[in-house]
Amino acid sequence: MTIYFNNGVYQNKEDVGVSIDDRGYYFGDGVYEVIKIYEGQLYTAHEHFTRFLQSAQKIRLDLPYTVDEFMEIAGKLMVDNGIVEGHVYIQATRGVAPRMHNFPGIDSKPSITAYAIDNPRPLSKLKEGVAVKTVDDIRWLRCDIKSLNLLANVLAKQDAYEAGCAEAVFVREGIVTEGSSSNMFGVKDGILYTHPANNLILNGITRRVVLKCCAENSIGVMEEPFTLEQFNDMDEVFLTSTTSEITPIISIDGRTIGNGEPGRITERLQHVFEQTIQHPSHKLN
Ligand code: PSZ
């Protein structure tokens, strides 16, 4: 039986009642996180829960737990559900109140729900790479917030899937920002390029791990905006996310990158990343 976390109570999925008046349901008025579990241990959980609290603060949502308390909740869900390889999903909404746009009164408390679930690593995609499709970045200007509002991301991902691609790449005014649920990287002449961590992208935890791996392995990094034209002309391209890790990209809009196989630096970073998994207590800072 899978045990879910529902506002401080651990219960069966069937017993988790969600109100029709929840602001997550009405407005997507909330934030979330996904934390990977490798070998029965949470990976970079401190960073994820720090970002969770930061996202909440950016939407003026006060959460009643600290990073350490969230780590305990996630750990309990992982252990009690016997998850060895998978992830924890957690979200917080602005709670339950009759539908109105402005914030509910102080008597309304956030709704916090979480669960742990099996999710194997995408080994064949990691090895073979994936195709991607570019789409217009029609999102708002606070993409740094891990918001439950994902309509533009959902539409983009569906576009990509219908084109036989695994991910959609957002392009804003000619600049590659990020994927619909990933960060984007290119390698040109041995230098790694990725969009700077500003309001136009989510500063991915996996992105941060990759940048740290580069620093430790003398791989040059340019956190500078790059155009779609530059992206198409990269020697290697890959994407990162908590569940996709470092996934090579082998084609963009049907055009092959390099020789159509994962690049050398991409594979080297995958190898270094793999070592961080084996030391899950690994800290970013
Ligand atoms: O399971 C999945 O499909 C997941 S787990 C995390 C994501 C997808 N995506 C996170 C994400 C994102 O939604 C956007 C818009 N940009 C970047 C990322 C990567 O963030 P991290 O590395 O923290 O998962």
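A short reminder: the numbers here are calculations on the coordinates, not readings from a lab. Because the structure is a prediction, the values reported are computed rather than measured. Note: ideal-geometry Cβ built from the backbone for every residue, glycine included; neighbour counts use all protein chains shown.
Can you compute the modelled spin-label distance between LYS13 and ARG268, with each label point 7 Å from Cα toward Cβ, in nm?
4.4 nm
By how many nm would the segment from PHE103 to THR243 lengthen if fully extended, with 0.36 nm per residue of separation less the alpha-carbon distance?
Between PHE103 and THR243, full extension yields 47.1 nm more.
Just to confirm a number: summing +1 for Lys and Arg and -1 for Asp and Glu over residues other than GLU167 whose beta-carbon lies under 9 angstrom from that of GLU167, what do you get?
With Lys, Arg at +1 and Asp, Glu at -1, the neighbours total +2.
For segment 134-188, take the convex hull of the Cα atoms, compute a quarter of its surface area, and give me that in nm², please.
Values: hull surface 16.8 nm².
So the Cα hull casts an average projection of 4.2 nm².
Tell me, ILE249, ILE73 in order of fewest to most beta-carbon neighbours within 10 Å?
ILE73, ILE249
Neighbouring Cβ atoms within 10 Å as the yardstick, rank MET234, MET71 fewest first.
Numbers: MET234 23, MET71 18.
If I rank by nearby Cβ atoms, fewest first, I get MET71, MET234.
May I have the pair-distance distribution P(r) for segment 17-118, computed from all Cα-Cα distances with 5 Å bins from 0 and rounded to whole percent?
Distribution as computed: 2, 13, 24, 21, 16, 13, 7, 3, 1 percent.
Taking H as built 1.01 Å from N, whose amide H comes closer than 5 Å to the amide H of SER180, not counting residues under 5 places away?
The answer is ALA168, PHE170.
Give me the one-decimal Kirkwood hydrodynamic radius in Å for segment 162-285, with the sum taken over alpha-carbon pairs.
Working: mean 1/r = 0.0686 Å⁻¹.
Radius from the Kirkwood sum: 14.6 Å.
Starting from the exponent 0.38 and prefactor 2.2 Å, build the expected Rg for segment 59-103 from its residue count and divide its actual Cα Rg by it.
Normalised Rg, Cα atoms only: 1.55.
How far is helix 205-216 tilted, in degrees, relative to the longest principal axis of the Cα atoms in the chain, given as a value from 0 to 90 rounded to the nearest 10?
40 degrees
Nearest 0.05, what FRET efficiency do TRP140 and TYR161 give at R0 = 25 Å with Cβ-Cβ as r?
According to the calculation, E is roughly 0.60.
Which loop trypsin sites (Lys or Arg not before Pro) in segment 179-285, with loop taken from DSSP, have no more than 14 other Cβ atoms within 10 angstrom of their Cβ?
Hits after loop and neighbour filter: LYS283.
Which Rg and Dmax, in Å, describe the Cα atoms of the chain?
For the chain, the Cα radius of gyration and maximum Cα-Cα distance read 19.2, 60 Å.
Roughly how large, in nm² to one decimal, is the mean projection of the convex hull of the alpha-carbon atoms in segment 88-177?
About 8.7 nm², averaged over all directions.
How much length would be gained if the chain were fully extended between LEU150 and GLN41, taking 0.36 nm per residue of separation minus their Cα-Cα distance, in nm to one decimal? Could you put the intermediate results ahead of the total?
Values: separation 109, 0.36 × 109 = 39.24 nm, distance 2.82 nm.
Going from the current span to full extension adds 36.4 nm.
Under a crude label model (7 Å from the Cα following the beta-carbon direction), how far is THR227 from LYS76 in nanometres?
Label-label distance for THR227 and LYS76, simple model: 5.4 nm.
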